[in-house]
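What follows is a single structure, written as structure tokens, with notes after it.
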Amino acid sequence: MLIYSGFQYIARTIPDPPAQRLYSNLSTLFFGGLTILAYVIITRLTRQFVLLRFRFGLFISSLFLIHVLISALVRWHFLFFTSSLTLPNLPRIYAINADHIARLPLWQVPFDPVIVGLFSFSLLYNYLLYAVGFKVFKDLFMLKIRQEKLEKENLQLEFNFLKAQVNPHFLFNTLNNIYSFSIKSPDKVPHTILKLADMMRYSLYETEAEFVPLAKELSFLDSYVQLQRIRHEQDIELSYTVVGQPGTLLIPPFLLIVFVENAFKHGLQASTQAGWVRISLTIDHQSLLFTVENNRPPNRPAPMGGIGLKNVRKRLNLFYANHYQLQVGEEANEFRVNLTIPLYEPALPGRHR
């Protein structure tokens, strides 16, 4: 409305009322579109070179290129209007500057006082809008950043709590087993201690990054399964298979162990009879199919999922968004988990996933 009012004022020098309205409408459409275009581009530039990463030189250079583009469009508007609407149906300023604009070299257009002073005045409204819009945009953007950071920190706290919950519980059980072996089967003690040491080293020193080598995660999982095999030697049917080579592929740490732990907790340890656990991993190109199945004790309700499973779901959403599949099912005598996730290669220097 401000732009329209401004062009109505300029159009008063046109003697024909219909020509006044036509000029006001066309100019409002052109300069309104120009204003919106400049606003969108400047907003994107501000986000890219000020908010996300501060590159002031690129920001100023981009603003100058925007000025060059707008100046060229304004000159095109002037030539188009003078040839299409003719000078008698245009405000007097067009007739005064017609020869000057027609002979103006292209390289002088961005610096010409007529172009900049007379025909770019509507950009004033753009900057007034931008002053308000930038504040709102910045506040919303920073609020989103803070929310994402808070969610990530909260998820990390839950993950750290999960690690703290897993390690002592598993450590105490394994130490009890070692004590028992030292009396009944001393030959098993060295192997058990080595497996336990490998697991504790991995969990304490190698799981701080968002992604870890898949080979190390599988080694940790294998050690856990082997210790459980030793612990439940008399009452377990355990199947653990890995198909494919991990190579240099990466995976978030402790993503799979929760499902395996639940299989032993809700299957073997909850059963008064001999139970079974089947674990299989298939590495196919850059994807992983992970399956865990275990017996379901009679008359035992399905696990509702504690902090471990909730944390895993949140981490899956964080790292893989909609690019994973998780299916948790049950039948009369078994629980089953199927998980399919993409596997990443290590990022090259300067490249981000």
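The values are calculated or read from the model by the stated rules, or taken from the named source; none is laboratory data. The structure displayed is predicted, hence computed values, not measured ones. No Cβ is skipped: glycine too gets one built from the backbone with ideal geometry, and neighbour counts run over all protein chains shown.
So here's what we get for this one:
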quantity: Flag if residue 126 is outside the structural domain of residue 258 (by TED's automatic domain parsing), buried (at least 16 other Cβ atoms within 10 Å of the Cβ), of a type in the set (S, T, N, Q) and modelled with pLDDT of 65 or more; calculated: no
quantity: Top-ranked residue in the stretch 218-250 [being surrounded by fewer than 16 Cβ atoms within 10 Å (Cβ to Cβ) and either of a type in the set (Phe, Trp, Tyr) or in a helix (DSSP H, G or I) (or both); ranked as modelled with the lowest pLDDT]; calculated: 229
quantity: Subset of the stretch 77-107 (residues that are closer than 21 Å to residue 34 by Cα and part of a loop (DSSP other than H, G, I, E, B)); calculated: 85, 90, 91
quantity: Qualifying residue in the stretch 65-81 (condition: under 30 Å from residue 144 (Cα atoms) and in contact with a helix residue (DSSP H, G or I) (Cβ under 7 Å, 6 or more places away or on another chain)); calculated: yes
quantity: Top-ranked residue of the stretch 38-63 - restricted to ones that are without any contact (Cβ under 8 Å) to a residue 12 or more places away in the chain and aliphatic (A, V, I, L, M), ranked as nearest to residue 3 (Cα to Cα); calculated: 40
quantity: Residue within the stretch 35-46 that is more than 30 Å from residue 144 (Cβ to Cβ) and part of a helix (DSSP H, G or I) present; calculated: no
